[in-house]
C-alpha cells in the first residue's frame, strides 16, 4: 500500500444519518438528520451522493443511491456515552468516553457560581438551560444595566457565558472563560466553557462570530498527539483547536462560518504542501440550523458545502485521502432543540481508494483514527479498528 501524504478529515458538525441502536437511552428514537434535510427543496448534494452517501446501509431518504459510487462508504455508531461535540470529536480521534460528561438541567450550584463571581469580579444572571438567542433577548437589558454576566447551559455539558461586546470587551470575556474553565473541574468538569458575545440594543440583540470554546483536555492520547509526535503536521480548521484545547494541533486556522471553513480548507489543499492531517469542523450545521430547528437552512448549508466539495475533488493529489463524517446528530425536525443520538456517515475518497467499497457499520467513531494512523504509516495503538485494508487499492 502506498502511504498517504495528506489526509483531509472534514466533520460536518451534527450531520447524523439516523438514530443509533441505543437512541432510546437518550430519548432520541426516530431522529434522523439526513432524512429530514434531504426532503427539503433546498437540498442538493450530488458530490456526496456520488461518493456513496445514499448507498450507506440503513440510509433511506428521498435521495437515491448511485450505481457506481466513487468512494468507500459506511456508517459509524458512537461507543462513548454522550452526544456532544467534545465527546464525539474525542472518539473520532481515538478516545472513547465510557462515562457521560456532567450536565446541569437545574443550573449550576453555588459551589461553582460563588468562586466564579469572586474570580471575575462580576455577578451572574439566568443560570438555567436556555436557548442562546432567547437568553440575550430576555436578559440582555439587565446585563447592560448591571454588568452581570449571563450564565446559562443546555442539555449538553456546557457552561455558556453571554456578554455584550461593549460591556465586556472580548479579551475580558475570554479571560473570564479561562477562569471558569479552571473552576469547572472534577464533578463539575463540563465539556466546554463557551464565550457567547453579542451586540445590538434592546429588542435587537444578535450574537457575533466571536464565539470561543474552552474545552477539557482529552483524557488520553489522541491520533493528533501520535501524528504530531511522529514529526508530521496537524492542521486544525475551524473549532478543532478549541475542541482539543490546542493539544496535538500544530497550526490552527480559526474561521467564522462554513463558507470560511470551506474556503480555508481549499486554500490549504491547493497552497500548502504538508505531510499529516488537516482536520476540519464545520459548525454552522449544528449551531445555526440544527439547534434552531431550521430544516431548510440546514439543507441549504449542505448544498453550499457540496458545491465546495466538487471543487475540492478536482484539486486532490494522487496521495491525498479525503474523509467526511460527523460527530453526532441534531435533527432539525425533532422535538426540542438538543443534539440527537445518531449514527454518522463515513465517506472516503481518493485515487488510492477502491470505489464502491461498502464499509458496513462500525461500532465506534474511533475506526476513523485507527485508519488515518495506518494511512500515514503510524502506530495504531489507539481505540478503533483500521479499515484501510478494506478500502485502499493494493
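Any read-out appearing in this document is the output of simple, stated calculations on the displayed coordinates, not a laboratory observation. Note that the structure is a prediction, hence the values are computed from the model and not measured. Neighbour counts run over all protein chains shown; Cβ positions are idealised from the backbone, glycine included.
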Legend entry - Cα shape, segment 186-300, gyration tensor, a/c 1.5 rule: oblate
Legend entry - GNM flexibility winner over the chain from 118, 307, 78 (Cα, springs under 10 Å): 118
Legend entry - Degrees separating the helix 132-146 axis from the principal Cα axis of the chain, which is the longest one: 30
Legend entry - Nearest-ten-degree value, helix 258-271 long axis tilted from longest Cα axis of the chain: 50
Legend entry - Among 105, 129, 69, residue whose mean-square fluctuation peaks in a GNM of the chain (springs only between Cα atoms under 10 Å): 105
Inset, instruction - Pop a pseudo-label 7 angstrom from the Cα along the beta-carbon direction at both residue 307 and residue 3 and give the gap in nm to one decimal. - result: 3.9
Legend entry - Zone residues, segment 287-321, relative to residue 351, backbone N less than 19 Å from point 7 Å out along Cα-to-Cβ: 310-321
Inset, instruction - Identify which of 317, 212, 36 has the largest mean-square fluctuation in a Gaussian network model of the chain, with springs joining Cα atoms closer than 10 Å. - result: 317
Inset, instruction - Can you grab the distance from the C-alpha centre of segment 83-127 to the C-alpha centre of segment 210-226, Å, no decimals? - result: 15
Legend entry - Neighbour-count ranking [beta-carbon atoms within 10 angstrom, fewest first] of 235, 315, 187: 187, 315, 235
Legend entry - Likely footprinting exposure, 270, 96, fewest C-beta neighbours within 10 Å first: 270, 96
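Taking the beta-carbon count within 10 Å as an exposure proxy, list 293, 267 from fewest neighbours to most.
Details: 293 17, 267 12.
Placing the least packed residue first, the sequence is 267, 293.
How long is the gain from residue 131 to residue 288 if the chain were fully straight, where each residue apart is worth 0.36 nm and the alpha carbon distance is subtracted? Display every interim value, and only then the final one.
Numbers: separation 157, 0.36 × 157 = 56.52 nm, distance 1.19 nm.
Computed gain between residue 131 and residue 288 is 55.3 nm.
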Inset, instruction - Would you mind checking the tilt of helix 295-315 against the longest principal axis of the Cα atoms of the chain, expressed as 0 to 90 degrees and rounded to 10? - result: 50
Legend entry - Label-reachable residues, segment 146-177, where backbone N falls under 16 Å from a point 7 Å from residue 81's Cα toward its Cβ: 157
Inset, instruction - Would you please state which residues of segment 40-77 a label at residue 390 would reach in this model, taking the label point 7 Å out along Cα→Cβ and a backbone N cut-off of under 20 Å? - result: 49-60, 65-77
Inset, instruction - Mind jotting down the distance between the C-alpha centroids of segment 173-204 and segment 371-387, whole Å? - result: 35
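Once R0 is set to 30 Å, what does the formula 1/(1 + (r/R0)^6) return for the Cβ-Cβ distance between residue 381 and residue 25, expressed as a FRET efficiency to the nearest 0.05? Show your work: numbers first, answer last.
Details: r = 30 Å, r/R0 = 1.00.
After rounding, the FRET efficiency stands at 0.50.
At a Förster radius of 22 Å, what calculated FRET efficiency corresponds to the Cβ-Cβ distance of residue 185 and residue 114, to the nearest 0.05?
Numbers: r = 16 Å, r/R0 = 0.71.
For R0 = 22 Å, the calculated efficiency reads 0.90.
Calculate the FRET efficiency for residue 202 and residue 256 from the Cβ-Cβ distance with a Förster distance of 35 Å, rounded to the nearest 0.05. Don't skip to the end; give the middle numbers.
Values: r = 25 Å, r/R0 = 0.73.
The value I calculate is 0.85.
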